[in-house]
Amino acid sequence: MKFSFFYSFIVVCILLIGCDTEDLGDQSAKEEELFTAINNFRSQNSLEPLKSERYLSIEARIQSQEMALGQIRYSGFRAAGYDELVIRINQELGTGEVEDIHQKGAFVISEVTTAWTTNIRQKNILLGQFTHGGTGIYQNEEGESYYSFILFNKKE
């Protein structure tokens, strides 16, 4: 566990220093489209929109990449390493509630949002009392895309 945490910490540090969303091109545009679609869904359900949080997006990208490359098991929610994820986010953003959801398949945002908003568990997470979110998308060499969405609400 210490190695996994250390490895993830190093990766996040590298991304925070060297990862600029402008360099991500189409990936960044798709992530923004997904974030907007989720906020539209929340607005339709009388909830405040989520604020975009760069650190959550970096973590979501890492999750998507690790799932796409087979480094962690794909899961619809709470990917492998969830406990370590919560620790890192709480250290970076302060103590709060963290949830994550995932999808894999075609690189079409509407299919992802439909899958998330029709699955009762994922839908309930999206409709939770969260204030911030971050999206991550990664497409592997086989053309399969992995989507991650991390939600956060800081405890007062």
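Take the Cα of residue 108, step 7 Å toward its Cβ, do the same at residue 82, and the gap between the two points is 2.9 nm. Amide H contacts of residue 131: 152, 153, 154, each under 5 Å away and 5 or more positions distant or on a separate chain (H built 1.01 Å from N in the peptide plane; Pro and chain starts excluded). Starting from the Cα of residue 48, step 7 Å toward the Cβ, then list every residue of the stretch 127-143 with an amide N under 14 Å from that point. Once the point is set 7 Å along Cα→Cβ of residue 48, 128-133 turn out to lie under 14 Å by backbone N, inside the stretch 127-143.
On a straight-distance basis, which lysines could pair with residue 30 in a cross-link, Cα separation under 21 angstrom, same-chain partners fewer than 8 positions away excluded? Within reach: 51, 104, 123.
Atom-type composition of the exposed protein surface of the stretch 27-123 places 45 percent of the accessible area on carbon and sulfur (1.4 angstrom probe).
The value given for the stretch 79-119 is a Kirkwood hydrodynamic radius of 12.1 Å, derived from the mean inverse Cα-Cα separation. Under 12 Å of direct C-alpha separation, and excluding same-chain neighbours fewer than eight residues apart, residue 155 reaches these aspartates and glutamates: 97.
If R0 is taken as 22 Å, the Cβ-Cβ distance between residue 73 and residue 119 corresponds to a FRET efficiency of 0.80.
The values are calculated or read from the model by the stated rules, or taken from the named source; none is laboratory data. Bear in mind that the values here come from a model prediction, so they are computed numbers and not experimental data. So basically every Cβ, Gly included, is an ideal-geometry build from the backbone, and we count neighbours across all protein chains shown. Note: accessible area is taken over every heavy atom of the protein model, side chains too, but ligands, DNA and RNA are not part of it. Shrake-Rupley method; radii C 1.70, N 1.55, O 1.52, S 1.80 Å.
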